Amino acid sequence: MLMIAISSAAPSSDPTGVLIFLAALGAAAICIGARWAFNLRGAVDATLARRRAALELRGQRTGDLSLADTDSVGPGFFKYLGGVIAVAGLALLALSLFLVTD
């Protein structure tokens with residue numbers, strides 16, 4: 001006969017590792033989001049330059065040079081995305097701090 005044993009969680013389980021992970025993830029999101037939102041050290045400009053270079057390379061490989069002419073994503077998109085990421089990081093950090101005090 002085959003018995004499946006399910007171990008139940010201890011009533012005093014401590015989620016410290018998860019809370020530290022949430023706090024670290026929130027702090028990282030705040031840093032990266034702020035870099036993009038406020039264009040610190042030219043983060044948005046560097047991202048756009050890398051994107052443009054990748055499109056040019058892809059255009060050269062495929063023979064379609066019109067790929068590099070598209071300018072659909074501008075700096076405003078990356079600044080908006082950075083703001084969203086920074087706010088989400090603040091929410092994660094606040095959630096982890098709220099759960100620590102609970």
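The values are calculated or read from the model by the stated rules, or taken from the named source; none is laboratory data. This is a predicted model, so every value here is computed, not measured. Quick reminder, even Gly has a Cβ in these numbers, built from the backbone with ideal geometry, and neighbours come from all protein chains shown. When the accessible area is computed, the model is the full protein with side chains, heavy atoms only, and any ligands, DNA or RNA have been set aside. Shrake-Rupley method; radii C 1.70, N 1.55, O 1.52, S 1.80 Å.
There is at least one residue in the stretch 17-34 that is open to solvent by less than 50 Å² (accessible area, probe 1.4 Å) and free of Cβ contacts under 8 Å to residues at least 60 places away in the same chain. Remark: Arg35 matches the filter, which requires a residue to be of a type in the set (D, E, K, R) and at pLDDT 90 or above.
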